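Report on the following structure.
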Amino acid sequence: MSPFFKSSTGLPENIAATLCYLFACFGGIVFLALEKRSRFVLFHALQSVFAFGAVMIAHVLSGFIPLIGPLIAGLLSILTLVMWIVLLFSSLQGKWMKLPWVGDLAEKQLHHL
């Protein structure tokens, strides 16, 4: 039996939180709509939406920077991949890993839900 509580979706909390990151901000949006009870899942859903939404905006903006824009986009892609992997594994382990700035924003929004 899993040591994790079940979310209102019927999934263990760590699996639901991991799915928030697995499908980037789209997974977060789905769990924001479906989850009614688990603050753990809601926190990870909010953090996923904010983090990957910011990454998408940064990628678009880097396209407008002449000469070094592609370099910035490449570095951003590498950092995003590392962030994605770390968030996947930490949420799967049931950890409340909070990213700088984005995690604080997600935590503040969680208090308003």
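The values are calculated or read from the model by the stated rules, or taken from the named source; none is laboratory data. Note that the structure is a prediction, hence the values are computed from the model and not measured. Quick reminder, even Gly has a Cβ in these numbers, built from the backbone with ideal geometry, and neighbours come from all protein chains shown. For accessibility, only protein heavy atoms count, side chains too; no ligands or nucleic acids. Shrake-Rupley method; radii C 1.70, N 1.55, O 1.52, S 1.80 Å.
Per-structure values
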| read-out | value |
| --- | --- |
| Accessible surface, the chain, averaged per residue in Å² (probe 1.4 Å) | 61 |
| At most 15 other Cβ within 10 Å, DSSP loop - chymotrypsin sites (Phe, Trp or Tyr not before Pro), the stretch 17-83 | Phe23, Phe64 |
| The stretch 83-113: chymotrypsin sites (Phe, Trp or Tyr not before Pro) in DSSP coil with no more than 15 other Cβ atoms inside 10 Å | Trp96, Trp101 |
| Note, ³J(HN,Hα) from phi for the stretch 54-60, Karplus 6.51, -1.76, 1.60, rounded to Hz, x at Gly and Pro | 5, 5, 4, 5, 5, 5, 5 |
| Label zone at Met83, where the point sits 7 Å out along the Cα-to-Cβ direction: the stretch 27-65 residues whose backbone N lies under 15 Å | 28, 44-62 |
| For Ser7, distant residues with modelled amide H under 5 Å away | Glu13 |
| From the coordinates shown, volume of the Cα convex hull per residue in Å³ corresponds to which of (i) 136; (ii) 164; (iii) 91 | (iii) |
| DSSP-assigned coil residues among trypsin sites (Lys or Arg not before Pro) in the stretch 1-40, each with at most 14 further Cβ atoms within 10 Å | Lys36, Arg37 |
